[in-house]
Amino acid sequence: MSKKINLREQKKLEYRQKILSAAVHEFKERGFLNTSVSNIMQKADLGVGTFYNYFGSKEEVLMNLVKNLFAEVEEKIQAQAKLKISSIELLESCCMHTAEIIDENKFVLPLLSSAAEHSDKPEQSPKNLSPGFKEIFGKIISFGQERGQIRRDIPTDLISEMFHSIYQAAAFSKLKISFKENVRLKVKILLDGIALKNPQA
């Protein structure tokens, strides 16, 4: 009996992963807004009805994918933090790693845009709709302020909001440079503005 349950659970995990993998492919090919549940399930080679055994909507699928990407960024930052680099260097690394992930997964942008639009209306933007990137920036900035490496005269939330908005601005930029280069230059300008000239150790 236990073996049957394990096989059943394994099958459920396999189906769930097939749906997520198919969603990544379709979101990249069609864009999030133009992708339907039917598109996803056709790519997964599963019936549409099966989708609702695992997810309530394509928005829920998107959130699951973004949480996976967020975890990847967090893991990268934790590894970098162990190197005992400055908060400015850590923030730059975080921003550029996030840029790489977004560049490979442009379907994340609508979610970032939505979070930015409702940042001043928490009642319209439940916590589970936030991808979490802004929170990572906030933690690094706050830590840098405590260590005397980042200016304290600017609120942490304001700085993290500025970094969070870089990706949307770069995505819609008309400049003839790549998305990642656009982000890199914007990040450099912001870092130059918030870094203390004589940081503490």
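The values are calculated or read from the model by the stated rules, or taken from the named source; none is laboratory data. Predicted, not measured: the structure shown is a model, and the values here were computed from it. A quick note on method: Cβ atoms are made from the backbone with ideal geometry, for glycine too, and the neighbour counts reach across all protein chains shown. Ligands, DNA and RNA are excluded from the accessible area calculation, which covers all protein heavy atoms including side chains. Shrake-Rupley method; radii C 1.70, N 1.55, O 1.52, S 1.80 Å.
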Item to complete: Determine, for each peptide in 61-71, 9-19, the mean count of other beta carbons within 10 angstrom over its residues, then list the peptides with the highest first.
Response: 61-71, 9-19
Worksheet, complete the sentence: Accessible-area order for Asp103, Asp157, largest to smallest, probe 1.4 angstrom, reads Asp157, Asp103
Worksheet, complete the sentence: The alpha-carbon center of region 1-60 and that of region 159-201 are separated, in whole Å, by 36 Å
Worksheet item: For region 64-110, what % of the accessible area comes from carbon and sulfur atoms, probe 1.4 Å?
Response: 49 percent
Worksheet entry | Solvent-accessible area per residue, Å², over region 24-117 with all protein chains present [probe radius 1.4 Å] | 51 Å²
Worksheet entry | Largest to smallest accessible area among Ser21, Ser93 [probe 1.4 Å] | Ser21, Ser93
